[in-house]
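Everything below concerns the one structure shown next.
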Amino acid sequence: MEQLNLYEILGVSQDADINVIREAYGKLVANPDIQKDAERFKAIGQAFEVLSHPEKRLAYDAAMQYEPQEAQDNGFNHTVVNHTENHNTGNNNTEANMANTSNSEVKNYVFIAYITYALGLFIWFAPVVGVILAYVKRDEAQGSIYASHIDYLIKTFWVSLVGMLFGMLTILILIGWLILVATGIWLIYRVVVGLIKLNEDKPVSTQGWF
């Protein structure tokens with residue numbers, strides 16, 4: 001993939017604030033076509049990692065401003081990313097280990113959330129625990145593949161809740177049973193798909209209903 005300006009990779013302007021950057025990143029990683037392109041997906045993740053980190057972003061902006069133009073034409077952006085990430089080897093190794101540990105913990109919480117959703121078929125309040133975990137870990141998951149799982153879990157909870165409530169309100173006219181069954185099947189499907197993607201360390205699409 002051609003080396004691009006990190007801002008161009010995310011499709012944002014250089015003066016974009018962190019909220020704009022996060023929103024752009026979220027939309028990109030949720031795109032099914034981008035999820036199939038491993039190289040582009042990785043580049044987007046690297047761009048977000050730099051631009052969402054204040055110190056790394058400052059270093060990148062400074063390098064973009066002062067490095068010779070010809071260096072940029074010869075893959076400078078890739079060099080800047082590596083230089084920014086490795087300017088202090090000892091500290092960087094520590095940060096990398098902490099990031100890996102954090103991602104592993106987020107993955108575990110996401111897995112637990114999926115399990116609580118599955119238990120919701122038998123214990124009605126179990127998904128409440130799961131969606132609380134999702135909201136608590138939402139910010140921490142930003143910049144990782146688990147961010148899409150968090151959004152997926154939150155959407156699944158609220159849609160399932162609406163379906164269950166509507167089904168219960170209409171249960172006396174029989175159609176309520178159909179709504180409850182359909183909602184339950186939809187919930188099971190979403191949980192199974194999410195767990196498969198999670199096990200494969202892949203993001204899950206938050207677009208559409210299936």
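Residue pairs whose Cβ atoms lie under 8 Å apart, sitting 6 or more positions apart in sequence or on different chains, and linking a residue in the stretch 197-208 that is in a helix (DSSP H, G or I) to a partner that is modelled with pLDDT of 85 or more and open to solvent by 80 Å² or more (accessible area, probe 1.4 Å), are 198/111.
Residues in the stretch 93-110 that are in contact with a helix residue (DSSP H, G or I) (Cβ under 6 Å, 6 or more places away or on another chain) and either modelled with pLDDT under 85 or aromatic (Phe, Trp, Tyr) (or both): 109 alone. Identify, please: which residue in the stretch 155-164 is farther than 21 Å from residue 32 by Cα and open to solvent by 50 Å² or more (accessible area, probe 1.4 Å) and is, among those, farthest from the chain's Cα centre (by Cα)? Restricting to residues being farther than 21 Å from residue 32 by Cα and open to solvent by 50 Å² or more (accessible area, probe 1.4 Å), the top hit is 164. Here residue 113 meets the list (1) part of a helix (DSSP H, G or I); (2) touching a residue at least 12 places away in the same chain (Cβ under 8 Å); (3) open to solvent by 40 Å² or more (accessible area, probe 1.4 Å); (4) not basic (Lys, Arg) almost entirely, failing just condition (3).
When the stretch 1-37 is filtered for residues that are among the aliphatic types (A, V, I, L, M) and within 20 Å of residue 152 (Cβ to Cβ), the ones remaining, listed by number, are 24, 28, 29, 30, 34. I need the full set of residues from the stretch 134-154 which are assigned to a helix (DSSP H, G or I) and open to solvent by less than 40 Å² (accessible area, probe 1.4 Å), in order please. Passing the criteria: 134, 141, 146, 147, 148, 149, 150, 152, 153, 154. In the stretch 201-210, which residue that is open to solvent by 70 Å² or more (accessible area, probe 1.4 Å) and farther than 13 Å from residue 110 by Cβ is modelled with the lowest pLDDT? Filtering the stretch 201-210 for residues that are open to solvent by 70 Å² or more (accessible area, probe 1.4 Å) and farther than 13 Å from residue 110 by Cβ, the one modelled with the lowest pLDDT comes out as 210. One residue stands out among those in the stretch 1-47 that are assigned to a helix (DSSP H, G or I) and hydroxyl-bearing (Ser, Thr, Tyr): the one that is surrounded by the most Cβ atoms within 10 Å (Cβ to Cβ), which is 25. Of all residues in the stretch 76-84, none satisfies being open to solvent by 40 Å² or more (accessible area, probe 1.4 Å) and either modelled with pLDDT of 85 or more or under 20 Å from residue 139 (Cα atoms) (or both). Listed by first and then second residue, the pairs linking a residue in the stretch 144-170 that is under 9 Å from residue 183 (Cα atoms) to a residue that is not in a helix (DSSP H, G or I), with Cβ atoms under 8 Å apart and 6 or more places separating them unless they lie on different chains, are 159/209; 160/120. Of all residues in the stretch 106-123, exactly one satisfies the criterion of being of a type in the set (Gly, Ala, Ser) and more than 15 Å from residue 199 (Cβ to Cβ), namely 120. In the stretch 167-198, which residue that is open to solvent by 40 Å² or more (accessible area, probe 1.4 Å) and under 15 Å from the mean Cα position of the chain (by Cα) is nearest to residue 144 (Cα to Cα)? Applying the filter and picking the extreme gives 197. Residue by residue through the stretch 155-194, note down the ones that are among the polar types (S, T, N, Q) and in a helix (DSSP H, G or I). Those that are among the polar types (S, T, N, Q) and in a helix (DSSP H, G or I): 156, 160, 183.
Each row is one residue, and each column tells you yes or no for (1) farther than 18 Å from residue 144 by Cβ; (2) in contact with a helix residue (DSSP H, G or I) (Cβ under 6 Å, 6 or more places away or on another chain); (3) not acidic (Asp, Glu).
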site	(1), (2), (3)
11	yes, yes, yes
16	yes, no, yes
28	no, yes, yes
34	no, yes, yes
42	no, no, yes
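The values are calculated or read from the model by the stated rules, or taken from the named source; none is laboratory data. All values derive from a computational prediction rather than experimental measurement. Glycine gets a Cβ as well: all are built from the backbone with ideal geometry, and neighbour counts include every protein chain shown. Ligands, DNA and RNA are excluded from the accessible area calculation, which covers all protein heavy atoms including side chains. Shrake-Rupley method; radii C 1.70, N 1.55, O 1.52, S 1.80 Å.
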